[in-house]
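Step one of this worksheet: look at the structure below.
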């Protein structure tokens, strides 16, 4: 007998009873479709001067461990990792966790070392093939589609430019049609603009409006089962959550920051209407992923209702395991400015990753556009490269 997936159970309950307390947690281990060699994160033997990262095999072993723990609802992977773990190893066959794969990789997440692609307006692109995700080959037979994942993440990045954003929407339409014909479900991610072409006075409202407008013309079979967006605060989340009860809003984690950043963001977003959280770098860069996930689950289910107490509990858990935390407790209880997108943009952060001071803010004023976004049109080629190098350092250390 097939094991019921918690994702399916929770989505059904949320749609039938909006007052229910169900909350979906996903571990996003799809970073190899964005960052390449650094995607698995720093190795325990990492030294700053060496730049040593985990191998892909080590990354996949962490996925196995987190799935076996059983506390998340979704494991998001690249199509290639999905083939190994879902199709070949049958990791999810007797698990309540749903496997999923990143179905597209827009150009703003092409994060090659030294590359400048994230500084240019996003273009839609798909490396992954739906059939590869579902059965591991180009043309699946009907009975083979159950072998792999039947759920994918599709991301869109709007930059407030008619021609660019039209191409983004058209590519999404093509994907939806193919997905519906093949019985492939998806959830929709909307990144913050990576290189906005015109000022956006209220970014949260802009993202909400683009979601509502894009999905207004999509009938039930083609709609995403839930959403993944940057958390823009209580007002924006409440607006989206109350607009259409058939939309299930979820947040993305963004760059790591402190443990308090991760715990407080989930706690607050849940309070104002979010029903899902997809944490990639926050989980992957934690000292002990299983303990970190356990505390996310306690916060999501209301067993812990104070982010600061959750940080203290997490540090206590690390102590029992003999693991030295990256930061002293008091430092880990502080909040930091973080990027909200793979590309390292989305909030105002200093080039060195520190909070802006008046001096650094004045110095960078000419290179910062609306909403704290970097204005690449005012940067030299060398400055763009420096920005992207610093961005990678902020994200991956």
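The table for this structure:
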| read-out | value |
| --- | --- |
| The stretch 172-248 and the stretch 60-80: distance between their alpha carbon centers, rounded to Å | 25 |
| Rh by Kirkwood over Cα pairs, then Stokes-Einstein D for the stretch 98-197 at 0.692 mPa s and 37 °C, µm²/s | 229 |
| Cα point-scatterer Debye curve for the stretch 149-236, base-10 log of I(q)/I(0) at q = 0.18 Å⁻¹ | -0.80 |
| Global form of the stretch 261-331, assessed from the alpha-carbon gyration tensor, a/c cut-off 1.5 | prolate |
| Alpha-carbon centroid distance for the pair the stretch 14-34 / the stretch 276-326, whole angstrom | 17 |
| Among beta bridges that DSSP assigns inside the stretch 152-281, antiparallel share in %, nearest 5 | 0 |
| Residue 4 versus residue 223: modelled label distance in nm, points set 7 Å from Cα along the beta carbon direction | 2.3 |
| Mean projection area, nm², convex hull over Cα of the stretch 184-290 | 8.1 |
| Förster radius 51 Å - calculated FRET efficiency between residue 17 and residue 89, Cβ distance, rounded to 0.05 | 0.90 |
| Global geometry of the stretch 88-148, whether rounded, prolate or oblate, following the gyration tensor of its Cα atoms and the 1.5 cut on a/c | prolate |
| Computed lengthening from residue 61 to residue 303, 0.36 nm per intervening residue step minus Cα-Cα distance | 84.3 nm |
| Gained length - residue 290 relative to residue 68, 0.36 nm times residue gap less alpha-carbon distance | 78.9 nm |
| Spin-label pair residue 127/residue 235, simplified geometry with 7 Å Cα→Cβ offset, distance in nm | 3.9 |
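Values in this text are rule-based calculations from the coordinates and carry no lab data. The shown structure was predicted, so the numbers you read here are calculated from the model rather than taken from an experiment. Every residue, glycine among them, receives a Cβ derived from its backbone with ideal geometry; neighbour counts consider all protein chains shown.
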